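Here's the structure, in structure tokens; my notes come after.
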Amino acid sequence: MRIDYPEHGSSVDGLSVALRGSASPGDRLRLEGPHSEKPICVVGADGSWTMPEVVLSPGHHAFVVTDVSHPSRSVEVGFEVIGLAPITVMSPLDGEILEAKFFEITGKASPRHLISLRMGSRTLTEHSDDRGSFRFTRVEVEQWGSHRLLFFYAKDPSQGAKTIVLRWPGLDLPSLVDPVTRARLEPGADVVRCDSCFTYCYRATWNRLGHCPRCVASTSPWERSESRFHTPRADLWLAQDTVID
């Protein structure tokens, strides 16, 4: 009989752990440790076993697994429990303005954990890899405005949670194309906007022509730093037509 996880002297992320190992098929095993409960599991036909998860406090812990069917057989393990690492969102950044209806989120967390993302009434989940990296793909914003995104560990929501706020003004660059090259416009790419007809295009196109590729009237496009760069076209036309006495 042996314990495969966690290894003796190792460190475990999180405040709960499920010991697992191998023994004789059909044997009943009991877990004894610093907690009041003494869970029991049955060894599977393939010789593997997994104990129910036990919740532990940070620090060093020692356990003994005893074969109830053969009390003389037992094995010990000692390991360190450390708290979960705070979740970090690498992209997009807190407060960022989204330029697409669908976007991707990348971040870092404790390795091999299920990360939950709550956005409005929806909850998405992804696993962090062996290095702690995680990625949510094709996350959709369903309406314009500010959106609060909450990231947390599915196993223990109280640890390491992270909140960011993103704003989507309704602009979906990937649904637009450069008027000259017909290439789709990519979020974050070197894109400018005409201050006359409000057309978007790649800066390279504008520089090559020396003016707006659609209306030809403008020679000075809006940059991203211009507040109206992300304003929906309909709102800009409405603002032009509004007369204030």
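The values are calculated or read from the model by the stated rules, or taken from the named source; none is laboratory data. Treat the numbers as computed from the prediction; the structure is a model and nothing was measured. Positions of Cβ are backbone-derived with ideal geometry, glycine not excepted, and every protein chain shown enters the neighbour counts.
Details
- Flag if Ser146 is in contact (Cβ under 8 Å) with a residue 12 or more places away in the chain, of a type outside the set (Asp, Glu) and closer than 26 Å to Glu104 by Cβ: yes
- Boolean, Ile105 is touching a Lys or Arg at 6+ places or on another chain (Cβ under 9 Å) and under 18 Å from Phe134 (Cβ atoms): yes
- Which numbered condition Phe79 fails, given (1) touching a strand residue (DSSP E or B) at 6+ places or on another chain (Cβ under 7 Å); (2) not in a strand (DSSP E or B): (2)
- Hits in the stretch 82-96 - residues which are out of contact with any Ser or Thr (no Cβ under 7 Å at 6 or more places or on another chain), surrounded by fewer than 19 Cβ atoms within 10 Å (Cβ to Cβ) and part of a strand (DSSP E or B): Thr88
- Residue list for the stretch 139-178, restricted to those being within 28 Å of Ala204 (Cα to Cα) and surrounded by fewer than 17 Cβ atoms within 10 Å (Cβ to Cβ): Arg167, Pro169, Gly170, Asp172, Pro174, Ser175, Leu176, Val177
- Residues that are more than 16 Å from Thr163 (Cα to Cα) and among the charged types (D, E, K, R), drawn from the stretch 105-127: Arg112, Glu126
- When Gly78 is tested against (1) within 33 Å of the chain's Cα centre (by Cα); (2) at pLDDT 90 or above; (3) surrounded by 18 or more Cβ atoms within 10 Å (Cβ to Cβ); (4) not polar (S, T, N, Q), just one condition goes unmet, and that condition is (3).
- Checked against the criterion of being β-branched (Val, Ile, Thr) and surrounded by 14 or more Cβ atoms within 10 Å (Cβ to Cβ), the candidates Ile40, Ile3 yield just one match: Ile3.
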